[in-house]
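Here, each number is a calculation from the coordinates, and none is a lab measurement. Nothing here was measured: the structure is a model prediction, and the numbers come from that model. Here the Cβ positions follow ideal geometry from the backbone for every residue, glycine too, while neighbour counts run over all protein chains shown.
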Amino acid sequence: MRRLRYGSADGARAALTWRRLVVVYVLLVFAVTLAPIPHDAAVRLSLSGLDKLVHAVVIAGLALLLQWRPGAPSRVISTIAAFLVAGSVAGLIELLQEPLPYRSGDVRDFFAGIAGALAAILLSAAVQMATARRRATGRN
């Protein structure tokens with residue numbers, strides 16, 4: 001896979017597509033996490049601990065999407081920005097849920113989101129290093 005460059009037509013199209021994907025993903029995340037759910041379902045979900053897994057997976061998906069920005073000038077900066085933005089979204093979700101009568105903000109959900117973002121970024125970095133190593137040795 002060739003690296004896209006800023007200023008190229010392919011790079012501009014890829015960047016526009018990426019931006020659209022990020023916007024749609026974030027809108028879906030907020031729609032789902034702020035939507036009303038029945039109280040008994042929320043209690044069961046919370047007691048099972050499954051809600052923490054959901055938060056981790058949703059924020060991990062966002063972190064991966066943000067990290068894979070086409071034509072990013074620096075993978076390190078892109079990764080740091082992805083972690084910070086995904087973590088901010090995790091925090092914002094909890095802040096917005098707190099005043100809602102049918103939701104509740106939970107600091108543990110925030111930390112689950114942070115853990116998901118970190119796990120996704122570390123897994124992505126491991127895959128990228130393994131891929132680079134394979135390319136350097138001539139094995140595809």
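Some points to look at:
- Projected label points at residue 50 and residue 78, each 7 Å from Cα along the beta carbon direction, are separated by 3.5 nanometres.
- Extending 7 Å from the Cα toward the beta-carbon at both residue 10 and residue 68 defines two label points whose distance is 1.7 nm.
- Among 40, 51, 106: highest mean-square fluctuation, GNM of the chain, C-alpha pairs under 10 Å: 40
- Each of the peptides 27-39, 125-137 was scored by the mean count of other Cβ atoms within 10 Å over its residues; in descending order, highest first, they stand as 27-39, 125-137.
- Structure remark: mean-square fluctuation, Gaussian network model of the chain, C-alpha springs under 10 Å; the largest value among 69, 108, 44 belongs to 44.
- Here the calculated FRET efficiency for residue 34 and residue 134, from their Cβ-Cβ distance with R0 = 30 Å, stands at 0.10, rounded to the nearest 0.05.
- Value of [θ]222 nm, deg cm²/dmol, for the chain, DSSP H segments ≥ 4, -39500 (n - 2.57) each, nearest 500: -26500 deg cm²/dmol
- Difference of contour (0.36 nm per residue) and Cα-Cα distance, residue 104 to residue 123: 3.8 nm
- With Cα atoms, 0 to 90° folded angle of helix 9-34 axis to the chain main axis: 10 degrees
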